[in-house]
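Supplied in C-alpha cells, the structure appears directly below.
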Amino acid sequence: MTTDEITLGYPESKSTGITQNNIDQLKQLFPEVFSEGKINFDALKAMLGDAVDDSDERYSFTWPGKTRARQIAQTPSTGALRPCKEESVNWDTTENLFIEGDNLEVLKILQKSYHKKIKMIYIDPPYNTGRNLVYNDNFRSNVMGFAVTDTAGRYHTDWLNMMYPRLKLARNLLSDDGMIFISIDEHEVVNLSNLCNEIFGEDNFVERFIWQNGRTATAMFTREHEYILAYAKEITQLPPIVYQGEDSVISDRAIKRVSVKNPASEITFPAGIKFLGENKTFPPVFGDKEVVEVTAGVFECKNGVLANEVTLKAGWTMKRQIENWLSGNATFDSKGQTIVEFFFKPNGVLQYVKKRGTEHPGTIITGFTTKQGSQEVKALLGSSVFDYPKPTGLIEHLMKITGSEDIILDFFVGSGSTGHAVLKQNKKDGGRRQFILVQLPEPVSKHAGATAYCAQESIPELISSISLKRIKKAIAEEDKTQGVRFFRLEPTKL
C-alpha cells in the first residue's frame, strides 16, 4: 500500500461507514440473527449462550456522555485529506505521513487504508491538569476549532469523552500483534486504565510502566515519575517482549577479592592482549582490594598490548571462560551471553566485553528525561519552543518491539518526538520504519520562544507548523533520503 491511496479524490481520502462495516462483520459471523436487514438481539443472545451477562447488577465503568462518545466513534467523517506537496519532503519516495487536523476525523479516514497495519501506537494526550485542550467533536467546527477551559465542572467527563472514540478507532488500526503505549500522569491514570480495559480488554493489558522523567516539586512531595500504559491488540498474538541488548563493557568484574569461596589461581596470558593505558611495567604485586600477583614473566604493556607472556595470580570471577577465550574458542557467560573480548585496564585489572543477548524490559524506565527532550529540540531548532517535550530516547526504547519495516502512529504529536525517534532509529539500524503523525492546528501558547521561532521561520503560529518543521530538520540531519508527506484535513465539499 502506498500513501497515494489516501490523497484527495480517492475513496481512501474519506472515512468509511464504520457502523456498517461492523454490521457486515457481524452478518458474516452470525447470519441467522438477521431478519429483514435488522438484528434480532434475542437470537444473538441465544447464539452467544453463557457469554451473555443478564444479571441486574454488574460492574460498569460509565460517565455522562459515554453513549454519545461511542456513537461518535461510529459515525463517518465528513472531512477529507488534501495533499500539500509543496510543504512535503521527498513526496514521491516516502511513506511517512504528517497530517494536520483533528485526530478524531483523521483516525476515521485512516480506517480503510491502515486497518490492522499499525505495529505500534504511541500517544502523549492532554493530561487533564485543569487547563487543557478540549477537542470539540463536531467536524464542521473542529477542523480549525477547539476550546480551552480554565475550570471544568465536567473535569473527568470531558476528558473521557474526548479519549473514548479516539482509542476505539485507534484499536482498529493496530495489527493483531501490535501494541499501544500511552503516556499519562496521576490525574487520569486510573480512568485511563479503566477506559483501556474496556476498549482493548483486560486480558490485553501488558504493563503500567513507571517512567522516571525528572524532578518536579509539588506542595507536598517531589514528583519524579509519570506512567506509560501498554496494551496489546491481541495479547495471544504478541511475541515475547524481549529487547536485543548491545555490546557493553562491564568494569572490574573479571577479578574480585580473594576469599574462601573465590581462591586465587594462576592464568597465563600470551603477548598481544589489549591494554588500554600508556606504556607501563607493573610491580610483582599490585592492587588494593583485588590483589594481582605476577608469578612468572614480567607484566609489561607497550603500544596498547601486553608485551610478553605473563602468568598472573588473582581471584578470577570466570577462570574457565578466560582460559576458554584464550584458547580461541567461542565463550559464553553463565547466562549464555557471548564473551567478545578480555583486556587489561590502565590499572592492570582484567575486564571483559560481552555481547548481551535478549533481555526482558524492566517496568521502571530510567535514563530519559524531559530535560533531555528540551535539549534535543533546542539543538535542532535553535530555540526552546516546547514545554516538557518527550525525549526521543524514551520512544526509541519503546520502539524496540517494532521490526525494521513496521508503521508507528502518533495522533497527539505535540513536539514531534515520535517522528524524530523513528528517523533516528532507522539511521541506527538501517530500518525502513514509517511514521504517521497527526496534530491539530493548535495555536502556540504564550511561549516567547515559540512565537519568535515561528516569526523567524515565517511559519504559522501553530504547534503543527513547528512540529512539522522539526521533522523536516530531523530528516536533513539524520537521513536526507527519508521524507514526509504533508496532508491537511479539510471539509468535504458536499
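The values are calculated or read from the model by the stated rules, or taken from the named source; none is laboratory data. Treat the numbers as computed from the prediction; the structure is a model and nothing was measured. Positions of Cβ are backbone-derived with ideal geometry, glycine not excepted, and every protein chain shown enters the neighbour counts.
Under 8 Å between Cβ atoms, at least 6 apart or on separate chains: pull out the pairs that start in region 399-422 with a residue that is at pLDDT below 95 and outside any loop (DSSP other than H, G, I, E, B) and end on any residue that is surrounded by fewer than 22 Cβ atoms within 10 Å (Cβ to Cβ) and of a type in the set (Val, Ile, Thr).
ILE401/ILE241
Taking region 335-388, which residues are out of contact with any Cys (no Cβ under 8 Å at 6 or more places or on another chain), of a type in the set (A, V, I, L, M, F, W, C) and outside any helix (DSSP H, G or I)? Write out each step before concluding.
Kept after step one, since they are out of contact with any Cys (no Cβ under 8 Å at 6 or more places or on another chain), are these residues of region 335-388: 335-343, 345-388.
Applying the additional criterion that residues be of a type in the set (A, V, I, L, M, F, W, C) yields 339-340, 342-343, 349-350, 353, 364-365, 368, 377, 379-381, 385-386.
Result: ILE339, VAL340, PHE342, PHE343, VAL349, LEU350, VAL353, ILE364, ILE365, PHE368, VAL385, PHE386.
Of all residues in region 309-325, how many are under 14 Å from LYS274 (Cα atoms), at pLDDT 95 or above and not acidic (Asp, Glu)?
Going through region 309-325 one residue at a time, the tally reaches 1.
Additional query: Evaluate region 138-154: report whether one residue or more is at pLDDT below 95, acidic (Asp, Glu), part of a helix (DSSP H, G or I) and in the same structural domain as PHE486 (by the TED database). Break it down stepwise before answering.
Start the filter on region 138-154 by keeping residues that are at pLDDT below 95, which leaves 138-154.
Going one step further and asking which of them are acidic (Asp, Glu), we end up with 150.
Retained after the next criterion (residues that are part of a helix (DSSP H, G or I)): none.
Looking through region 138-154, none of the residues is at pLDDT below 95, acidic (Asp, Glu), part of a helix (DSSP H, G or I) and in the same structural domain as PHE486 (by the TED database).
Of the residues PHE205, PHE200, PHE209, PHE269, which is over 35 Å from the mean Cα position of the chain (by Cα) and surrounded by 15 or more Cβ atoms within 10 Å (Cβ to Cβ)?
Among PHE205, PHE200, PHE209, PHE269, only PHE269 is over 35 Å from the mean Cα position of the chain (by Cα) and surrounded by 15 or more Cβ atoms within 10 Å (Cβ to Cβ).
Are any of the residues in region 368-379 among the acidic types (Asp, Glu) and outside the structural domain of VAL292 (by the TED database)?
Checking region 368-379: at least one residue is among the acidic types (Asp, Glu) and outside the structural domain of VAL292 (by the TED database).
Now for a different question. So which residues in region 65-119 are within 17 Å of ARG171 (Cα to Cα) and among the aliphatic types (A, V, I, L, M), if there are any at all?
The answer is ALA69, ILE72, ALA73, LEU104, VAL106, LEU107, ILE109, LEU110, ILE118.
Return only the number of the condition from (1) assigned to a strand (DSSP E or B); (2) modelled with pLDDT of 95 or more; (3) not hydrophobic (A, V, I, L, M, F, W, C) that PRO165 does not satisfy.
Among (1) assigned to a strand (DSSP E or B); (2) modelled with pLDDT of 95 or more; (3) not hydrophobic (A, V, I, L, M, F, W, C), the lone unmet condition for PRO165 is (1).
Does THR451 satisfy the condition of being modelled with pLDDT of 95 or more, assigned to a helix (DSSP H, G or I) and not aliphatic (A, V, I, L, M)?
The answer is no for THR451.
Ok, one more. Hey, any hits in region 438-445 for a residue that's touching a residue at least 24 places away in the same chain (Cβ under 8 Å), under 21 Å from LEU398 (Cβ atoms), part of a strand (DSSP E or B) and in the same structural domain as ILE182 (by the TED database)?
Scanning region 438-445 turns up at least one residue that is touching a residue at least 24 places away in the same chain (Cβ under 8 Å), under 21 Å from LEU398 (Cβ atoms), part of a strand (DSSP E or B) and in the same structural domain as ILE182 (by the TED database).
Output the residues belonging to region 207-241 that are closer than 23 Å to THR369 by Cα and aliphatic (A, V, I, L, M).
Selection gives ILE210, ALA217, ALA219, MET220, ILE228, LEU229, ALA230.
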